[in-house]
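The values are calculated or read from the model by the stated rules, or taken from the named source; none is laboratory data. This one's a predicted model, so the numbers in the text were calculated from it and none came from an experiment. Every residue, glycine as well, gets a Cβ built from its backbone with ideal geometry; the counts of neighbours run over all protein chains shown. The area values use the complete protein model at the heavy-atom level, side chains included, leaving out ligands, DNA and RNA. Shrake-Rupley method; radii C 1.70, N 1.55, O 1.52, S 1.80 Å.
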Amino acid sequence: MNVAVTGTAAAGIDGVTVERLAATLRPEDDAVAALLLDRARSLLAFLRAGASVPLLAAPTGALPADVRQALRARPGLRAGTSNGAAALAALEATRRRLRARLSPGEAGAFDQLVHLGAAPASGLAMIPAPALGLADPAFAAAEPAEPAAPPTGFADLVLIAKLTRHCNLRCTYCTDWREGPGNQMTPATQALMVRRVAEDRSIAAARFIWHGGEPSLIGVRKMLGFLWLQARLRRPGQIFANSIQTNAAALPDRAVALWRLFDFKVSVSLDGPRAIHDRQRRTARGGASFDAVIDGIARLREAGIFAGVLIVVTPEIAAYPIERLVGELVDAGVHAAGFLPVRPDAGTGKGPYLPPAAFSDFLIRLFDLLRTRPDLRFDVREIDALHAAWQRRPTGFCELNGPCLGGYFGIEPDGTVRHCDKFLGSASHALGNLAERSLADIRASAGMAALKQREAERWLRLRSCAWYGHCKGWCPHESHIAALRGETARCCGLAPVFDHFAALATAERLSA
């Protein structure tokens, strides 16, 4: 006997469809399906008023690979089942039962909703752009390249996408923000960026880091548009992931909901204790921002997408008593942080600057505190990575991984491509524009060759350091800034940290 889901075939899939299908589920058997329908309901809430998702052909067999992979990889989708295989088995049992009761069209609607709930990053492509309120001509023109063959290579690519240079803060050391027109990436440039990745068959996986300015200022509709373009243009078999760096000072609830659905990792900029943060990170109107940021962190944590904070280490923060610094962060609910030494403009070398020696001293004091105070439960990205490098283990941190040219691109709002976003202002690191060059052309360009030659010369100079095999020369941006400032040492600046690790290891051996 068929259970009618009135209007599904004629009017498409909408929130009413979800409610009617959800009513056919049994709580004791269909928990995975119920969770996925609930997530699909949340995604459909972004449809424009009166819009729906077209009903595709009736289901023909197995669930899409993206759905199966999501259930295997993401415990949060399993609704209490023991593992991914168990979740898949439970979902398939629900599908079999519903197929015996629903019409083919209704069963197809169920499968589409399951796809939207489990793997929205690919499922979003089944929703027409107008239904999401995406009216820019770039969306109508977003057709996948033909033939859409899988990638042939295994390369990973990171794109730091400067979706906007607009910002609602005026940090004392920042040179990234801009005002006025032309400083927000258009849908056409977003589409071109995604297409350039999709057309390159050597790229198996790409991570888009949403950056600014303050990327949340583009608004939820434009965020959804960027995700739709990825879903629409992605080459079959390519893996896309998204993360975002935000100041969290004015996060819309709908943005947090969208990031949660699409499994974002969200990192927040927070400059230490309240007093220092509010001096260094004022709002555009000159007000304090600490309380708003802490509230934003709490909301991101509640959504399960908070990845930690990034702290710019200015001389003031470096001089702050280290135990007080960590204690105040922990009291604010922060237990994981990355620390970035403040650096000047990459074009002139002028601006706030913390010398590498001072940054190494800061890291050593931080390491010693956490080594003796494990009760603080505070993780530091740089310390974890440096200690892994000391032990010659993989660091998971680009700055200690060695050669990075061609694997990281910073994309400006106008489509200009740089080697990493840190080099804003450096003419030699601007490698062309997406409108004129493919990513393969950029990797093979004379500009890239010149940067690689410069890197080779840097490595030859630094190889005389005893710790080069561990740090691999640190980040090339560090050497670039040092050269602008007339500093050409034979050490990247991290040797004191490794010397400290070695001294502690020796002391432990002698006392054993």
Checklist entry - For the chain, what is the calculated [θ] at 222 nm in deg cm²/dmol (nearest 500), taking -39500 (n - 2.57) for each run of four or more DSSP H residues and dividing by its residue count? => result -13000 deg cm²/dmol
Item to check | Given charges at beta-carbon only (K, R positive; D, E negative), |dipole| of the chain in Debye | outcome: 500 debye
Next on the checklist: Quick check for you: with a 1.4 Å probe and neighbouring chains kept, what is the accessible area per residue of region 34-85, in Å²?
Outcome noted: 50 Å²
Checklist entry - So what's region 448-512 giving for Cα Rg divided by 2.2 N^0.38 Å, two decimals? => result 1.37
Checklist entry - In whole Å, how far is the Cα centre of region 67-107 from that of region 336-387? => result 45 Å
Next on the checklist: Taking only complete DSSP H runs, can you tell me which helices of the chain stretch 15 Å or more along their own long axis by Cα positions and average at least 0.0 on the Kyte-Doolittle scale?
Outcome noted: 31-44, 104-118, 187-198, 220-233, 290-302, 356-372, 495-511
Checklist entry - To the nearest 10 square angstrom, how much accessible area does Glu457 have with a 1.4 angstrom probe? => result 100 Å²
Next on the checklist: Using square roots of five times the C-alpha gyration tensor eigenvalues, list the equivalent-ellipsoid semi-axes of region 51-129 in whole Å, biggest first.
Outcome noted: 21, 17, 9
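Please compute the length gained on full extension between Ala512 and Ala145, using 0.36 nm multiplied by the number of residues separating them and subtracting their Cα-Cα distance.
Extra length available between Ala512 and Ala145 comes to 125.8 nm.
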Next on the checklist: Given an 8 Å cut-off on Cα distances and at least 6 residues of separation, report the relative contact order of the chain as a percent.
Outcome noted: 12 percent
Item to check | Charge dipole (the chain, unit charges on Cβ, about Cα centre) - positive-most of Gly347, Phe139, Ala205 | outcome: Ala205
Checklist entry - When the C-alpha atoms of region 336-388 are aligned to their principal axes, what extent does each axis show, in angstrom, from largest down? => result 43, 19, 18
Checklist entry - Which value, in Å² rounded to 10, gives the accessible area of Trp177 with a 1.4 Å probe and all protein chains present? => result 80 Å²
Checklist outcome for this item: Mean projected area (nm²) from the convex hull of Cα positions in the chain is 26.5 nm²
Next on the checklist: Counting just the Cα atoms, what span does region 32-164 cover along each of its three principal axes? Round to the nearest Å and put the largest first.
Outcome noted: 44, 40, 31
Item to check | Part-to-part distance (alpha-carbon centres) for region 238-275 and region 15-50, which is given in Å | outcome: 26 Å
Checklist entry - According to the Cα gyration tensor, what semi-axes, each the square root of 5 times an eigenvalue, does the equivalent ellipsoid of region 100-216 have, listed from largest to smallest in whole Å? => result 33, 20, 15
Next on the checklist: Straight-line reach only, C-alpha to C-alpha below 30 angstrom: list the lysines that Lys350 could link to, leaving out same-chain residues fewer than 8 apart.
Outcome noted: Lys162, Lys422, Lys452, Lys472
Checklist entry - Arg463 accessible area, nearest 10 Å², 1.4 Å probe? => result 140 Å²
Next on the checklist: With an 8 Å Cα cut-off and a minimum separation of 6 or more residues, compute the relative contact order for region 376-497 in percent.
Outcome noted: 23 percent
Next on the checklist: Just to be sure I understand the curve: with the Debye formula and one point per C-alpha of region 168-255, what is log10 I(q)/I(0) at q = 0.19, 0.21, 0.26 Å⁻¹?
Outcome noted: -0.94, -1.08, -1.38
Checklist outcome for this item: Taking only the alpha-carbon atoms of region 231-327, the convex hull volume per residue, in cubic angstrom, is 140 Å³
Checklist entry - How many percent of the alpha carbon pairs in region 291-403 exceed a separation of 26 Å? => result 25 percent
Checklist entry - Per residue Cα convex hull volume for region 340-495, in cubic angstrom? => result 130 Å³
